[in-house]
Structures are given as structure tokens and as C-alpha cells.
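*Asks:* If you scroll down you'll find the structure; I have some questions about it.
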Amino acid sequence: MNVQQALNKLKKEGFKFTGKRENLLHLFAEEKRYLSAKDVLTFMQKLYPGVSFDTVYRNLALFEEMGILEMTELEGEKRFRFSCSTTKHHHHLICLECGKTKQIHSCPMDWIEESVEGEFEVTGHKFEIYGYCTECQTLTVQN
Ligand SMILES: [Zn+2]
Ligand SMILES: [Zn+2]
Ligand SMILES: [Zn+2]
């Protein structure tokens with residue numbers, strides 16, 4: 001997903017295209033990592049002093065519902081990032097420090113599905129791996 005695709009999607013589904021929404025999308029395009037609603041609010045308040053948490057959150061929820069953003073919960077807080085453009089099935093390595101993600105293309109479901117065959121009908125799954133990226137590992141050591 002990129003900003004243009006997201007804007008087209010908003011237009012197609014009849015949502016108003018505002019400067020705020022465009023800034024928000026550009027933030028995700030630049031950061032390429034998981035951001036909390038608070039991170040997004042801090043950024044938006046620099047551009048629009050007085051913008052409320054509610055407004056920011058409503059837009060994040062809308063974008064998630066439309067498939068523009070992906071949401072996950074890390075350390076009890078909801079985080080958002082641009083949905084991956086690849087349609088190939090994959091999972092993410094997620095850095096707990098900076099929120100950067102990396103795709104992995106192997107899926108543990110391949111063998112789990114086999115082991116529960118006949119007992120359980122699998123309709124979906126979620127799988128995420130948490131840790132620290134190479135840059136953040138270096139920082140941890142220095143501190
Ligand atoms: Zn992805
Ligand atoms: Zn990191
Ligand atoms: Zn999978």
C-alpha cells in the first residue's frame with residue numbers, strides 16, 4: 001500500500017479526502033514501521049495544533065477497517081502500519097524498540113494445520129515474532 005493507492009481507495013469508497021488524512025498517510029509511508037496512536041498524535045499536533053486524539057484515532061480505525069493500515073497490539077498498546085503491498089502470504093518480525101518490521105515467508109501453519117486435521121477446521125491465524133532489529137541490538141549493548 002502506498003499513499004496514492006490509499007487515496008484512491010478513500011475516493012472510491014466516498015470518503016472525504018482532507019489535508020489531515022493525506023499528512024497521516026505520508027507519515028506512515030515515511031516511517032515504514034508500527035506507530036502507536038500517541039506517536040501519530042504527536043506528529044499531527046506539530047502540523048495541526050489542537051487536533052484531538054479522538055480525530056486521529058477515528059482516522060486510524062477507519063484506515064484499518066479499509067485495509068489501508070494493519071493493526072497489532074504490542075505491550076498493551078495498539079500500533080498501526082501501512083499494509084504490505086504483497087499479496088503473498090507472510091508474517092512479520094517486529095522490533096519492540098523501533099517498531100520496524102521484516103517479512104518472513106515461512107508459515108508455522110503449514111505443519112500445524114496438518115497436525116490438527118480432522119479435529120479442527122482452521123479458518124485463519126495470526127503469527128508475529130517479537131525481538132530487536134540489528135540497529136536496536138547495538139543500542140542495547142551500548143547502553
Ligand atoms: Zn506484511
Ligand atoms: Zn529496531
Ligand atoms: Zn501464516
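None of the figures in this text is laboratory data; all of them are computed from the coordinates on show. Given the structure is predicted, the values throughout are model-derived calculations rather than measurements. A quick note on method: Cβ atoms are made from the backbone with ideal geometry, for glycine too, and the neighbour counts reach across all protein chains shown.
*Asks:* Can you tell me the orientation of helix 3-12 relative to the chain, as the angle in degrees between its alpha-carbon axis and the longest Cα principal axis, to the nearest 10?
*Replies:* Tilt of helix 3-12: around 80 degrees.
*Asks:* Cα-based Rg of the chain per 2.2 N^0.38 Å, rounded to two decimals?
*Replies:* 1.21
*Asks:* Build a GNM of the chain with springs between Cα atoms under 10 Å: which of Glu75, Glu121, Glu22 gets the top mean-square fluctuation?
*Replies:* Glu121
*Asks:* Next up: What ranking do 81-92, 102-113, 24-35 get when scored by the average of other Cβ atoms within 10 Å per residue, highest first? All intermediate terms of the calculation are to be shown ahead of the outcome.
*Replies:* Details: 81-92: 13.8, 102-113: 11.4, 24-35: 18.2.
Order by mean packing, descending: 24-35, 81-92, 102-113.
*Asks:* Give the separation of the Cα centroids, region 1-50 to region 88-128, in Å.
*Replies:* The two parts, judged by their Cα centres, are 28 Å apart.
*Asks:* Could you give the nm distance between label points at Lys102 and Glu128, where each point is 7 Å from its Cα heading toward the beta carbon?
*Replies:* 1.8
*Asks:* Go through the chain and flag any cysteine with no other cysteine's C-beta closer than 4.7 Å, please.
*Replies:* Cys84, Cys98, Cys107, Cys136
*Asks:* Quick one: order Thr101, Thr138 by neighbouring beta-carbon count within 10 Å, fewest to most.
*Replies:* Thr138, Thr101
*Asks:* Order these by the 10 Å Cβ neighbour count, fewest first: Asp39, Asp54.
*Replies:* So the residues, fewest neighbours to most, are Asp54, Asp39.
*Asks:* Would you work out which of Met1, Ser52, Phe28 lies farthest towards the positive end of the dipole of the chain? Charges go on Cβ: Lys and Arg +1, Asp and Glu -1.
*Replies:* Ser52
*Asks:* Shifting gears a bit: Between 0 and 90 degrees, rounded to the nearest ten: what's the tilt of helix 19-31 against the longest Cα principal axis of the chain?
*Replies:* Long axis of 19-31 versus the principal axis of the chain: about 40 degrees.
*Asks:* Tell me, what ³J(HN,Hα) does each residue in region 122-135 have, in order and in whole Hz, if you take phi through Karplus 6.51 cos²θ - 1.76 cosθ + 1.60 with θ = phi - 60° and put x for Gly and Pro?
*Replies:* 7, 10, x, 7, 10, 8, 9, 10, 9, x, 10, 6, 4, 5
*Asks:* For helix 53-65, report the angle its Cα long axis makes with the longest principal axis of the Cα atoms of the chain; keep it between 0 and 90° and round to the nearest 10°.
*Replies:* 40
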